[in-house]
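The values are calculated or read from the model by the stated rules, or taken from the named source; none is laboratory data. As the structure is a prediction and not an experimental result, all values here were calculated from the model. Note that we place each Cβ from the backbone using ideal geometry, even for glycine, and neighbour counts take in every protein chain shown. The area values use the complete protein model at the heavy-atom level, side chains included, leaving out ligands, DNA and RNA. Shrake-Rupley method; radii C 1.70, N 1.55, O 1.52, S 1.80 Å.
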Amino acid sequence: MKSNRLTVNLAGLKLANPTMLASGILGYSAETLEGIVAGGAGAVITKSVGLKPRAGYANPTVVQVDCGLINAMGLPNPGIDEFVKEIRQAKKVLNVPLVVSVYGFSEEEYAAVSKKAADTGADALELNVSCPHVKETGSEIGQKPETLSKVIKKVKAAVDKPVFVKLSPNVTSIADIAEAAAKAGADALTAINTVKAMAIDPETSMPILGNKLGGLSGSAIKPIAVRCVYDIYERVKVPIIGCGGIANWRDAVEFFLAGASAVQIGTAIATKGSSVFRAVSRGIDAYLKRKGFKNVGEIVGLSHRC
Ligand code: RRO
């Protein structure tokens, strides 16, 4: 939908509205991304891609629980050399910014994958330093400030595009991690990735997921995500992208008030379909109009006044 109230400049990316597809449940083919944009997303983020192809974990990889989903996909992806074909195609058909989510097992890998994605046309990178259950990448990098800083600096030196950094809630102080990321040059911080979780089947007496441990997403984690955004906003000046359990305009507004400049939606697509983006945007627009605000930027961090 077109409304000046909804436009956002996010670290140089111009968004017609502040809703973005979260990396994770969808986003490999240009065709699926096109469907999400048709549903009203202001930007899209791909599933995480690495240097080499990865099969991911054995099934089951997703389990539905009260108020959400627990997933342990295990970073399945075709590898960047194959994925550049999708980036090229996506750039041809999408009229919104395309952000490529990147992971690696070393700072060199993060930089190499980021460079290939940027050279192929990605408008920005989002570094996945927060996947909760793959060894030697994801949160194993994002929970160590020094390692995280090295990764970000290496990527920033390799690309000339905005670098977003997606943070994990599974740490003692997300504000400390956010500060390290900001000092290393992150252009925006995404908060949050999934919360470490598991489910056990009483009949078999066994963990349900193939990997046993997974990450919880959906409305169950929204209050955790709002708290994380609030904590980060208190500490750093870098723009924040809120993510975690957003399914309607009220959820999105809560994140803006906590300090987010844009929001990502993922799990809600499973129940609401891709039109959730347009529905959320329309609701935010109506709220801003009713409250007399000219642009969504005016409500970012408003809950910090006292
Ligand atoms: O692929 C996954 O299992 C996965 C990833 Br990369 C992530 O960042 N967060 C998550 O919950 N699952």
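Give the residues of region 64-95 that are more than 12 Å from the ligand (Cβ to nearest atom) and more than 16 Å from Ser29 (Cβ to Cβ), sorted by residue number. If you could, list the steps in order and put the result at the bottom.
Keep residues of region 64-95 that are more than 12 Å from the ligand (Cβ to nearest atom), which gives 64-67, 78-95.
Those that are more than 12 Å from the ligand (Cβ to nearest atom) and more than 16 Å from Ser29 (Cβ to Cβ): Gln64, Val65, Asp66, Cys67, Asp81, Asn95.
Can you list the strands (runs of 3 or more DSSP E) lying wholly within region 96-173 that have 2 or more residues being modelled with pLDDT of 95 or more and within 21 Å of Glu82 (Cβ to Cβ)? Give the steps one after another, and end with the answer.
On the way: elements: 98-102, 124-128, 163-167.
Result: 98-102, 124-128.
Suppose the filter is in contact with a strand residue (DSSP E or B) (Cβ under 8 Å, 6 or more places away or on another chain), within 16 Å of the ligand (Cβ to nearest atom), in contact (Cβ under 8 Å) with a residue 40 or more places away in the chain and in a loop (DSSP other than H, G, I, E, B); does Asn193 pass it?
Working: in contact with a strand residue (DSSP E or B) (Cβ under 8 Å, 6 or more places away or on another chain): yes; within 16 Å of the ligand (Cβ to nearest atom): yes; in contact (Cβ under 8 Å) with a residue 40 or more places away in the chain: yes; in a loop (DSSP other than H, G, I, E, B): yes.
So Asn193 fits the description; yes.
With Ala157, Ala178, Ala199, Ala184 as the choices, which residue is open to solvent by 20 Å² or more (accessible area, probe 1.4 Å) and hydrophobic (A, V, I, L, M, F, W, C)? Full working, then the answer.
Details: Ala178 fails: open to solvent by 20 Å² or more (accessible area, probe 1.4 Å); Ala199 fails: open to solvent by 20 Å² or more (accessible area, probe 1.4 Å); Ala184 fails: open to solvent by 20 Å² or more (accessible area, probe 1.4 Å).
Matching residue, one of Ala157, Ala178, Ala199, Ala184: Ala157.
Among the numbered criteria (1) open to solvent by less than 30 Å² (accessible area, probe 1.4 Å); (2) within 11 Å of the ligand (Cβ to nearest atom); (3) modelled with pLDDT of 95 or more; (4) under 25 Å from Gly121 (Cβ atoms), which one does Leu21 miss?
Going through the list (1) open to solvent by less than 30 Å² (accessible area, probe 1.4 Å); (2) within 11 Å of the ligand (Cβ to nearest atom); (3) modelled with pLDDT of 95 or more; (4) under 25 Å from Gly121 (Cβ atoms), Leu21 breaks only (2).
Looking only at region 208-244, count every residue that is open to solvent by less than 40 Å² (accessible area, probe 1.4 Å), more than 17 Å from Gln264 (Cα to Cα) and not in a loop (DSSP other than H, G, I, E, B) and tell me the total.
1
What are the residues in region 3-18 that are modelled with pLDDT under 95 and either buried (at least 17 other Cβ atoms within 10 Å of the Cβ) or touching a strand residue (DSSP E or B) at 6+ places or on another chain (Cβ under 6 Å) (or both), if any?
Here is the first cut: in region 3-18, the residues modelled with pLDDT under 95 are 3-4.
The one that is modelled with pLDDT under 95 and either buried (at least 17 other Cβ atoms within 10 Å of the Cβ) or touching a strand residue (DSSP E or B) at 6+ places or on another chain (Cβ under 6 Å) (or both): Ser3.
Restricting attention to region 250-287, report how many residues are part of a helix (DSSP H, G or I), of a type in the set (A, V, I, L, M, F, W, C), in contact (Cβ under 8 Å) with a residue 60 or more places away in the chain and crowded, with 22+ Cβ neighbours inside 10 Å. First the steps, then the outcome.
Of the residues in region 250-287, the ones part of a helix (DSSP H, G or I) are 250-258, 268-272, 276-287.
Now restrict to residues that are of a type in the set (A, V, I, L, M, F, W, C): 252-253, 255-258, 268-270, 276-277, 279-280, 284, 286.
From what's left, in contact (Cβ under 8 Å) with a residue 60 or more places away in the chain: 252, 256, 269-270, 276-277, 279-280, 284.
Narrowing further to those that are crowded, with 22+ Cβ neighbours inside 10 Å: 252, 256, 269, 276-277, 280, 284.
Counting residues in region 250-287 that are part of a helix (DSSP H, G or I), of a type in the set (A, V, I, L, M, F, W, C), in contact (Cβ under 8 Å) with a residue 60 or more places away in the chain and crowded, with 22+ Cβ neighbours inside 10 Å gives 7.
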